[in-house]
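What follows is one structure encoded as C-alpha cells, with my remarks underneath.
The values are calculated or read from the model by the stated rules, or taken from the named source; none is laboratory data. Being a predicted model, the structure only gives us computed values, none of them experimental. Cβ coordinates were reconstructed from backbone atoms using ideal geometry, including for glycine residues, and neighbour counts include every protein chain displayed. Keep in mind that these areas ignore ligands, DNA and RNA; they rest on the heavy atoms of the full protein, side chains included. Shrake-Rupley method; radii C 1.70, N 1.55, O 1.52, S 1.80 Å.
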Amino acid sequence: MAARTRAKKPSRAELRERALAAASAVGVPAACDVVVAGGGASGLVAAIAAAEAGARTCVLEQDLECGRKILATGNGRCNFANEDLDPARYRNGAFVAKVAGARWLEEVLGFFAASGLAWASEEGRLYPLSRQAASVRNVLLGRARRAGVTLAPARKVTSVAPAAGGWKVSFSPAAPGEKGAPQAGGITARAVVMAAGGGSELARGLGLPAVAEGPVLCALACEPENNSLELALVDGRRAHAHVRLLRGGRKLWAEDGEVLFRPWGLSGICVFDLSRRAEAGDAISLDLTCGMADAQLEAAAATGTADGVLDPQVAAALGAAGGNPASAFAALRQARSLRFLVTDRAETERAQVTRGGLDVTGFFPETLECATLPGLFACGEALDVDADCGGFNLAWAWRSGQVAGASAAALALSQNRK
C-alpha cells in the first residue's frame, strides 16, 4: 500500500495572501441601507439585526477577516456572557442599563440559541459548549451570510460624512500595496453603525465629543510597600487571594480570585479588574490566607512550615524556614496583608479592552442613535463603555449591537418608504 502523503501546511504569508484575495473578491455595493463600520463582535450582531429586519447591510472591517478578534477572547475559549449581568460592573453603568433593558441575558442567549450555539456555565461564566471561540465566530458569520449581509474585510473606514439622503462612508485598503489587496472606495447608506474601537479620529471629523482611549483589563506595575516579598523570587507563581484596592486608606473595590506574581508587579484576572479602577499611588492589599484567623495560622505554622497554606515558593520568599514554627507563622501573618503600591499599568499591548470612545451622553440609549447626527448609530467598543472580566464586555457588545442594528434598519427602511 502506498504511503499516504501529508499535505504541506501553508505558510503565514500564503494564508495572508489567500485572505487578501478572498477579501478583494467581495464586491462592495455602491449603496445600501445600513453600513456597519467594524466587523468584530458588536458589528457582526448589528449587521445581523439590521439585515434580518429587511435592510440591505454591508460590513466594512479593517482586519483581513471579520470576527478575528473573537478568536482570542477568553484565552481562545470565548467567555461570551455572564449569568449576572450587573450594570454596576460597567463604566457608564446607568447608560448601559437603559440600553440593555430588563431582559438583557434573555435577549443575548435567545440570539445565540437562534444562531445554533450551545453553551455551558462555569461559576456563572458562559462558554460555548465546545470551549472554542471559533464556535461563536462561526455561528455569527454563518447567520450574517444567511441574512444576506455583505462582509467586506481588509477595508479601513477613513471617513464618515453626511450626504444627500443619508451618509457617505469612504474606505481604503487595510494593506495598501500588498498583492491582492482590495481597492479604495466608498458607499452611500441611509444609516451608519459605528462598531469599532478607536473611533476617536472619525468622531473628531464629525464634531462628536469623545473620551480619550487607553488600555484597561491589563496587569499593574507595583512595588512592595509593607512586606519583604521580592517579586523576582516568585515570578510566575499564582495564588488565590482576597484582593482590595485602596486609595488614601479607603477601600475602592474588593474581589476574590487568582493573582499572578511578576517581577515588575501583579497580573491575573482580579488585577485586570482592578486596572479599570486603579491609579498611580493607589495600594493593592492581598490576603493570601483568604481570611484565616490567627488561631488557624498558628495551628498551621505549628508544623514548622507555611506550605500547607501558601505556595511553597511564596512561603520561602516571605522568610518561612523549614522546621521553624516562628518563621512559618511570621510568613503567614505577612501573607494575610501584602501591600503593593501601584505605579502604572503594565503589558498594555496585551490589554483585553480599550477604554474611551464616543461620549455616551451624545447617544439615545433606547436606540443608540446620535442625538445631533440622525442616522448615525454606535455600539460596542465604539462607545465609552467597558467592564470587568467574566463575559461582561462581550455581553455589552452583543446587546448594544442588537439595539443599534435594529434601530438603524428601522430608520433606513422608514426613509425608503417615503
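Of all the residues that make up the stretch 277-313, how many are open to solvent by 70 Å² or more (accessible area, probe 1.4 Å), farther than 18 Å from residue 326 by Cα and charged (D, E, K, R)?
The number of residues fulfilling the criteria is 1.
Among the residues of the stretch 327-348, count how many are out of contact with any strand residue (DSSP E or B) (no Cβ under 8 Å at 6 or more places or on another chain), open to solvent by 10 Å² or more (accessible area, probe 1.4 Å) and touching a residue at least 24 places away in the same chain (Cβ under 8 Å). Please lay out each step first, then the result.
Going residue by residue through the stretch 327-348, those that are out of contact with any strand residue (DSSP E or B) (no Cβ under 8 Å at 6 or more places or on another chain) are 327-334.
Then drop every residue that is not open to solvent by 10 Å² or more (accessible area, probe 1.4 Å), which leaves 327, 329-330, 333-334.
Next cut, touching a residue at least 24 places away in the same chain (Cβ under 8 Å) only: 329, 333-334.
The number of residues fulfilling the criteria is 3.
Picking from 401, 357, 391, which residue would you name as being at pLDDT below 95 and not hydroxyl-bearing (Ser, Thr, Tyr)? It would help to see each step written out before you state the result.
On the way: 401 fails: at pLDDT below 95; 391 fails: at pLDDT below 95.
Step by step, each of 401, 357, 391 is checked, and only 357 is at pLDDT below 95 and not hydroxyl-bearing (Ser, Thr, Tyr).
Give all pairs with beta carbons closer than 9 Å in which a residue from the stretch 114-140 that is over 12 Å from residue 80 (Cα atoms) and of a type in the set (Ser, Thr, Tyr) meets a residue that is assigned to a helix (DSSP H, G or I) and modelled with pLDDT of 95 or more; count only pairs at least 6 apart in sequence or on separate chains.
As it stands, the answer is 115/48; 115/136; 115/139; 115/140; 115/142; 115/143, since those pairs meet every condition given.
List every residue pair whose Cβ atoms lie under 9 Å apart, where the two residues are 6 or more positions apart in sequence or sit on different chains, the first residue falls within the stretch 298-313 and is free of Cβ contacts under 8 Å to residues at least 12 places away in the same chain, and the second residue, located anywhere, is loosely packed, with under 15 Cβ neighbours inside 10 Å and not in a loop (DSSP other than H, G, I, E, B).
As it stands, the answer is none, since no pair meets every condition given.
Taking the stretch 212-238 only, how many residues are modelled with pLDDT of 85 or more and either of a type in the set (D, E, K, R) or over 20 Å from residue 274 (Cα atoms) (or both)?
Matching residues across the stretch 212-238 total 11.
Is there any pair linking a residue in the stretch 267-291 that is over 18 Å from residue 349 (Cβ atoms) to one that is of a type in the set (Val, Ile, Thr) and open to solvent by 10 Å² or more (accessible area, probe 1.4 Å), with Cβ under 7 Å and at least six apart or on different chains, and which?
Pairs that qualify, where the first residue is over 18 Å from residue 349 (Cβ atoms) and the partner is of a type in the set (Val, Ile, Thr) and open to solvent by 10 Å² or more (accessible area, probe 1.4 Å), are 280/343; 289/309.
Would you point out the residue of the stretch 188-207, among those that are open to solvent by less than 20 Å² (accessible area, probe 1.4 Å) and modelled with pLDDT of 90 or more, that is nearest to residue 266 (Cα to Cα)?
Of everything passing the filter in the stretch 188-207, 195 is nearest to residue 266 (Cα to Cα).
Yes or no, residue by residue, for (1) over 20 Å from the mean Cα position of the chain (by Cα); (2) at pLDDT 90 or above; (3) farther than 21 Å from residue 138 by Cα; (4) hydroxyl-bearing (Ser, Thr, Tyr):
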residue: 8; (1), (2), (3), (4): yes, no, yes, no
residue: 14; (1), (2), (3), (4): yes, no, yes, no
residue: 23; (1), (2), (3), (4): yes, yes, no, no
residue: 37; (1), (2), (3), (4): no, yes, no, no
residue: 45; (1), (2), (3), (4): no, yes, no, no
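Of the residues in the stretch 147-187, how many are surrounded by fewer than 22 Cβ atoms within 10 Å (Cβ to Cβ), at pLDDT 95 or above and assigned to a loop (DSSP other than H, G, I, E, B)?
Qualifying residue count, the stretch 147-187: 2.
I'd like the full set of residues that are closer than 18 Å to residue 211 by Cβ and in a helix (DSSP H, G or I), limited to the stretch 379-396.
Our first condition is that a residue be closer than 18 Å to residue 211 by Cβ; within the stretch 379-396, this holds for 379-387, 393, 396.
Across the stretch 379-396, the qualifying residues are 380, 381, 382, 393, 396.
Identify the residue in the stretch 358-380 that is buried (at least 20 other Cβ atoms within 10 Å of the Cβ) and under 22 Å from the mean Cα position of the chain (by Cα) and, among all such residues, is nearest to residue 94 (Cα to Cα).
360
For every residue, the table says whether it meets (1) small (Gly, Ala, Ser); (2) over 15 Å from residue 237 (Cα atoms); (3) over 35 Å from the mean Cα position of the chain (by Cα).
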position: 278; (1), (2), (3): yes, yes, no
position: 281; (1), (2), (3): yes, yes, no
position: 295; (1), (2), (3): yes, yes, yes
position: 303; (1), (2), (3): no, yes, yes
position: 327; (1), (2), (3): yes, yes, yes
position: 335; (1), (2), (3): yes, no, no
position: 340; (1), (2), (3): no, yes, no
position: 345; (1), (2), (3): no, yes, no
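Taking the stretch 75-89 only, how many residues are in contact (Cβ under 8 Å) with a residue 60 or more places away in the chain and under 17 Å from residue 120 (Cβ atoms)?
The qualifying residues number 5.
Quick check, is residue 354 open to solvent by 30 Å² or more (accessible area, probe 1.4 Å) and within 17 Å of the chain's Cα centre (by Cα)? Break it down stepwise before answering.
Details: open to solvent by 30 Å² or more (accessible area, probe 1.4 Å): yes; within 17 Å of the chain's Cα centre (by Cα): yes.
Yes: the conditions hold for residue 354.
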